[in-house]
Amino acid sequence: MAETISMPKLGFDMAEGLLVRWVKQVGENINKGDVLAEIETDKATVEVESSASGVVLQLIVDQGTMVPVNAPIAIVGNAGEQVSSVEVSGVKPKVDEKPAPQTQPMAPRATPVQQTSSPLETGSVKASPLAKKVARDNKVNLANVQGTGPGGRIIRKDIEAALASNQLSVISEQSDPVAPIYESRITNYEDRVIQTTKLRQAIGRRLVESKTTIPHFYVTHEFKMDALMDARRQINSFVADDNKVSVNDFILKGVALSLRQFPNLNATLNGDKIVQFGHINVGVAVTVPGGLMTVVVKDTDQKTLRQISGEVKAMASRAREGKVKPEDIDGSTFSTSNLGMYDVEDFIAIINPPEAGILAISSAREVPVVENGQIKAGWRMKATISVDHRVSDGAEAAQFMQALAGFLENPVRMLM
């Protein structure tokens, strides 16, 4: 019996998605779990898996079409099975696939010699997130690449084809590779208008909603990190480079174990009721081209440090390549944002609704500290929790930070 595949809902706020590319075509065999299509949401480009096995009988929407959540996109069934025509209400072509001169940037397009990383950010060049990453890694000027995707969209294969054919004109050149890094060369006095990405627009909408509807309060704690840094060094001395654990892996585990003790922070507000989640799924903010994305470690409290480390690395890699899976980004109950790699002393983060809290993690630094009246070197790290005041109060947040300190300052507790 034929089965209809629908546009999946990836996240509570997703209303529609752009069908970027059909991976399978009519008449091809497909198994349950095989990738059927690629869709682009506000957050990422995601592979849609088939929920049925059989033969692709019908592709209901064209590539480059914006499709509402739960609208049918394809039909899978038995070979030769007859299916009736399916009407898809509310499906509309992607607006920016048609030329719109009035939306073009005001500034003239720079030549390949003048341009370095800027072609990846201009609104006049349409390219998939993965194509942008490949172009950035290879210093390819997207303005000189011919797109073969829907509506002239540049896809990864177009970049690879240009590189393989030695089209040197697509490579951005440095005008003076030996110029001092501090020297500023002004090449254009014109204003530039850059079209924001769907991801950046979604971030803006969600965070404005968060700051204007959620009463935030903040609690900062300084953690002694000497024992954790030593434990991490010892663990990493026994494993291969690709299996090494990070400071963030310890923090995620500590956060999850602390949330066991404070379920009110692993919660959401639903009307006049607080819903405390049964699972502890810690979200991790990941930097991607055009913004941020939160990947989710499911049941973080029940996983080992190496499991947490492996999952975060795999999901972050997929996120940056524009190949996240739906389960990578859905279902977080509490979030974290770590800027430790940027030598940050302290910062605060905005709550990711509908969650009740988020932890902003700064750098672990070796600094002068006073212990027993003596000055010595010690590792310290600050972190700030942002909490929804409708759900919790300052005392509970402070106690949570003390519980977290108990794990980070005695990391052997997380290994038991």
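The values are calculated or read from the model by the stated rules, or taken from the named source; none is laboratory data. The model shown is predicted, which means the values in this text are computed figures rather than measured ones. Neighbour counts are summed over all protein chains in view; Cβ atoms, including those assigned to glycine, are modelled from backbone coordinates with ideal geometry.
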Yes or no: segment 358-365 includes at least one residue that is closer than 30 Å to Ile155 by Cα and surrounded by fewer than 22 Cβ atoms within 10 Å (Cβ to Cβ).
no
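The rows are residues; the columns are (1) basic (Lys, Arg); (2) modelled with pLDDT of 85 or more; (3) out of contact with any strand residue (DSSP E or B) (no Cβ under 7 Å at 6 or more places or on another chain); (4) exposed (fewer than 14 other Cβ atoms within 10 Å of the Cβ).
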| position | (1), (2), (3), (4) |
| --- | --- |
| Met1 | no, no, no, yes |
| Ile5 | no, yes, no, no |
| Pro8 | no, no, no, no |
| Phe12 | no, no, yes, yes |
| Leu36 | no, yes, no, no |
| Ser50 | no, yes, no, no |
| Val61 | no, yes, no, no |
| Asn70 | no, yes, no, yes |
| Glu87 | no, no, yes, yes |
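Could you please find all residues in segment 133-146 being in a helix (DSSP H, G or I) and crowded, with 24+ Cβ neighbours inside 10 Å?
Taking segment 133-146 and keeping what is in a helix (DSSP H, G or I), we get 133-137, 142-144.
Matches in segment 133-146: Ala135, Leu142.
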So for segment 96-112 (the condition being surrounded by 18 or more Cβ atoms within 10 Å (Cβ to Cβ) and at pLDDT 50 or above), does at least one residue qualify? no
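Just a yes or no: is a residue in segment 284-299 among the hydrophobic types (A, V, I, L, M, F, W, C) and farther than 30 Å from Lys126 by Cβ? Explain how you work it out, then say what you get.
Within segment 284-299, the subset among the hydrophobic types (A, V, I, L, M, F, W, C) is 284-286, 288, 292-293, 295-297.
When the remaining residues are screened for being farther than 30 Å from Lys126 by Cβ, the result is 297.
Yes.
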The residue that is farthest from the chain's Cα centre (by Cα), considering only those in segment 249-284 that are part of a strand (DSSP E or B) and crowded, with 21+ Cβ neighbours inside 10 Å, is Ala267
So, first residue surrounded by fewer than 15 Cβ atoms within 10 Å (Cβ to Cβ) in segment 366-392, second residue of a type in the set (Asp, Glu) and assigned to a strand (DSSP E or B), Cβ within less than 7 Å, six or more apart or across chains; the pairs are Ala377/Glu366
Counted residues in segment 26-40 being over 16 Å from Pro72 (Cα atoms) and in a loop (DSSP other than H, G, I, E, B) come to 6
**Prompt:** For Asn243, are the conditions met, namely being among the polar types (S, T, N, Q) and modelled with pLDDT under 95?
**Reply:** yes
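Please determine whether any residue of segment 278-294 is on the phi > 0 side of the Ramachandran plot, out of contact with any helix residue (DSSP H, G or I) (no Cβ under 9 Å at 6 or more places or on another chain) and in the same structural domain as Gly406 (by TED's automatic domain parsing).
So in segment 278-294, the residues on the phi > 0 side of the Ramachandran plot come out as 290-291.
Those left that are additionally out of contact with any helix residue (DSSP H, G or I) (no Cβ under 9 Å at 6 or more places or on another chain): none.
Looking through segment 278-294, none of the residues is on the phi > 0 side of the Ramachandran plot, out of contact with any helix residue (DSSP H, G or I) (no Cβ under 9 Å at 6 or more places or on another chain) and in the same structural domain as Gly406 (by TED's automatic domain parsing).
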The correct count of residues that are at pLDDT below 95 and among the polar types (S, T, N, Q) in segment 355-373 is 1
Result of the Cβ filter at 7 Å on segment 350-363, keeping first residues that are in contact (Cβ under 8 Å) with a residue 40 or more places away in the chain and partners that are among the acidic types (Asp, Glu) and in a strand (DSSP E or B), at least 6 apart or interchain, is Ile351/Asp388; Ala356/Asp388; Gly357/Asp388
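For Pro119, state whether it is at pLDDT below 80 and surrounded by 17 or more Cβ atoms within 10 Å (Cβ to Cβ).
On the way: at pLDDT below 80: yes; surrounded by 17 or more Cβ atoms within 10 Å (Cβ to Cβ): yes.
Spelling it out, Pro119 is indeed at pLDDT below 80 and surrounded by 17 or more Cβ atoms within 10 Å (Cβ to Cβ).
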